[in-house]
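Below is one structure, written out as structure tokens; the observations come after it.
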């Protein structure tokens, strides 16, 4: 959290705004995908609504002329009451159509929000861990998530723009027919206001962009200071004031920027608003002058004043809406850029299928690896084989590359150098999805899904989630059945405190549930990364007695700091400095008197 509060100001605002308009076509495509029929009918209805005011004004002018003639002793036109009924009917139709447009907009908003949110979720799922470990990505992802649902204003503005342009054109043509000066006066009045609105819209986007890292920090501080997970340490270490002071410092900085921009917009916007008003009344005075000169009758005068009001209002709205669209388009930059991001790990969907019965197993051949964005090599010329039916335990001090081996064999990452082979074929030649289908894994930092017990276990193999016998069998293998037996709702009990009726479990109970997921997978390779860290000694012994039985004939990769667990493996691999320095079974390594023997004796001494 030592990064500058707000990054440097974005450059070339007008160029940025013009470039941002390129975001509109892709968004229109997404909009069309979300509901083509709703979009079509919405546009048709807006065309009708756009031309109705012109028709209403023309009918009203004709009625006014008829009334004026009648007041001067002439007869009413024969169709006078038909015209009155027509004006009433047009206004009723306008009101009804506006309500129907509101309805279609609501439907489209729901469809768009759902569609784009699903696309964000799908895209996030396709990206690999390399992307997720980049802080810049998190800023982009946060903006993309917000933009996915908060850019409904753009959708509404696009529809309004179509309607406003048509209305403006119809009235502007009528004004230009009467006098081109009227259109020129209105345009000169509105243009400065448009330029000002556009300028401040960009400044608002640039400000929000700069503030994203600070707002993420604020969200984190809010979460850590008020979460159940952090409550104990916040209270015991007296961290409340520390977190709130830091939060207030960030909030104050953002507040000052917001106020500065709002003040500038108030002063400049007010001045430009006066210019716009003068343009409108300049055209109005011109029509009054010509009417007094006898060049317009009362109907023409009423129509032209209505046309001035409508053209001026809609012209301002066109510029304002266009500016708003450019503004919203700027905010969509990250959403569209997020959709264009590619995974570094090639999923190779058309690649080889994993053999239904692996023959040789896995081999690390001269594998080196450094996490993206770092220079530290975690694995260096690492060589290891995991044969069919073999159970291997990886041990070593923290940071020696054990979990990295797991991430590489599951292709969450690809090696920086070297190869990982499966039955003699580079792992990258296989379909990534198919590879994951044959692997069951539980990490130490497994996810505690706030779902029912059945769903928590069934997630291990989605297609078998509702297969009660298989879910219960997996729970029995991991001892999770003893946990479920104590739940009031059994397998239908909601776990976690997020939702009503949820029950919180202990760390060890959650771990048994997570182990059940791995067993339900029924995979050819089972990986357990510190699987019993939260279990007591007796539960751990029971789990691994079953583990030895259940992995018979399968490949298993085990990471643990407890040597009582490790010694059950067929082969133990010792890592140090990213290299394999020792391997063998427990007896062989103890007899060798090397690193493993020293670590074992050190741990055993603590129990004597």
Within segment 493-523, residues being out of contact with any strand residue (DSSP E or B) (no Cβ under 6 Å at 6 or more places or on another chain), outside any helix (DSSP H, G or I) and closer than 21 Å to residue 551 by Cα number 1
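The rows are residues; the columns are (1) surrounded by fewer than 21 Cβ atoms within 10 Å (Cβ to Cβ); (2) in a loop (DSSP other than H, G, I, E, B); (3) at pLDDT 80 or above.
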site	(1), (2), (3)
531	no, yes, no
544	no, no, no
547	no, no, no
557	no, no, yes
565	no, no, no
573	no, no, yes
582	yes, no, yes
Of the residues that sit in segment 124-133 and are more than 9 Å from the chain's Cα centre (by Cα) and part of a helix (DSSP H, G or I), which one is surrounded by the fewest Cβ atoms within 10 Å (Cβ to Cβ)?
125
Which one is nearest to the chain's Cα centre (by Cα), of the residues in segment 435-450 that are closer than 18 Å to residue 554 by Cβ and crowded, with 16+ Cβ neighbours inside 10 Å?
436
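Might you let me know whether segment 504-516 holds any residue that is surrounded by 15 or more Cβ atoms within 10 Å (Cβ to Cβ), more than 25 Å from residue 557 (Cβ to Cβ) and either within 34 Å of the chain's Cα centre (by Cα) or modelled with pLDDT under 90 (or both)?
Of all residues in segment 504-516, those surrounded by 15 or more Cβ atoms within 10 Å (Cβ to Cβ) come to 505, 508-516.
Now drop any that are not more than 25 Å from residue 557 (Cβ to Cβ), which leaves 505.
Subsequent filtering for residues that are either within 34 Å of the chain's Cα centre (by Cα) or modelled with pLDDT under 90 (or both) retains 505.
Yes, segment 504-516 contains a residue that is surrounded by 15 or more Cβ atoms within 10 Å (Cβ to Cβ), more than 25 Å from residue 557 (Cβ to Cβ) and either within 34 Å of the chain's Cα centre (by Cα) or modelled with pLDDT under 90 (or both).
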Checked segment 471-492 for anything more than 24 Å from residue 551 (Cβ to Cβ) and either without any contact (Cβ under 8 Å) to a residue 40 or more places away in the chain or crowded, with 20+ Cβ neighbours inside 10 Å (or both); matches are 485, 486, 487, 488, 489, 490, 491
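So that you can scan it fast, the table gives a plain yes or no per residue for (1) in a helix (DSSP H, G or I); (2) more than 21 Å from residue 200 (Cα to Cα); (3) modelled with pLDDT under 85; (4) touching a strand residue (DSSP E or B) at 6+ places or on another chain (Cβ under 8 Å):
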residue: 222; (1), (2), (3), (4): yes, yes, yes, no
residue: 230; (1), (2), (3), (4): yes, yes, yes, no
residue: 241; (1), (2), (3), (4): yes, yes, yes, no
residue: 245; (1), (2), (3), (4): yes, yes, no, no
residue: 249; (1), (2), (3), (4): yes, yes, no, no
residue: 253; (1), (2), (3), (4): yes, no, no, no
residue: 258; (1), (2), (3), (4): yes, no, no, no
residue: 262; (1), (2), (3), (4): yes, no, yes, no
residue: 270; (1), (2), (3), (4): yes, no, yes, no
Going through segment 410-460 one residue at a time, which ones are in contact with a strand residue (DSSP E or B) (Cβ under 6 Å, 6 or more places away or on another chain) and more than 26 Å from residue 475 (Cα to Cα)?
415, 416, 417, 418, 419, 420, 421, 422, 426, 427, 429, 430
Assigned to a loop (DSSP other than H, G, I, E, B), touching a residue at least 24 places away in the same chain (Cβ under 8 Å), in contact with a helix residue (DSSP H, G or I) (Cβ under 6 Å, 6 or more places away or on another chain) and over 17 Å from residue 516 (Cβ atoms), is that true of residue 411?
yes
Counting only residues that are touching a residue at least 40 places away in the same chain (Cβ under 8 Å) and over 26 Å from the mean Cα position of the chain (by Cα), which one in segment 451-470 is nearest to residue 498 (Cα to Cα)?
453
When only residues in segment 589-602 that are in a helix (DSSP H, G or I) and surrounded by 14 or more Cβ atoms within 10 Å (Cβ to Cβ) count, which is farthest from the chain's Cα centre (by Cα)?
590
State whether one or more residues within segment 393-416 are exposed (fewer than 15 other Cβ atoms within 10 Å of the Cβ) and closer than 22 Å to residue 520 by Cβ.
no
List every residue pair whose Cβ atoms lie under 7 Å apart, where the two residues are 6 or more positions apart in sequence or sit on different chains, the first residue falls within segment 287-301 and is in the same structural domain as residue 58 (by TED's automatic domain parsing), and the second residue, located anywhere, is loosely packed, with under 15 Cβ neighbours inside 10 Å and in a helix (DSSP H, G or I).
298/68
Among the residues that make up segment 72-84, is at least one of them in a helix (DSSP H, G or I) and out of contact with any helix residue (DSSP H, G or I) (no Cβ under 9 Å at 6 or more places or on another chain)?
yes
Scanning for something under 11 Å from residue 311 (Cα atoms) and modelled with pLDDT of 75 or more, does segment 142-158 turn up at least one residue?
no
Is it the case that some residue within segment 432-447 is within 30 Å of residue 365 (Cβ to Cβ) and without any contact (Cβ under 8 Å) to a residue 60 or more places away in the chain?
yes
Would a scan of segment 447-455 turn up a residue that is in a helix (DSSP H, G or I) and in contact with a helix residue (DSSP H, G or I) (Cβ under 8 Å, 6 or more places away or on another chain)?
yes
Do we find a residue being more than 21 Å from residue 166 (Cα to Cα), surrounded by fewer than 15 Cβ atoms within 10 Å (Cβ to Cβ) and within 22 Å of the chain's Cα centre (by Cα) anywhere in segment 86-106?
yes
How about segment 275-310: which of its residues are farther than 25 Å from residue 66 by Cβ, surrounded by 18 or more Cβ atoms within 10 Å (Cβ to Cβ) and within 48 Å of the chain's Cα centre (by Cα)?
276, 279, 280
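The values are calculated or read from the model by the stated rules, or taken from the named source; none is laboratory data. Predicted model, so just to flag it, every value in this text is computed and none were measured. No Cβ is skipped: glycine too gets one built from the backbone with ideal geometry, and neighbour counts run over all protein chains shown.
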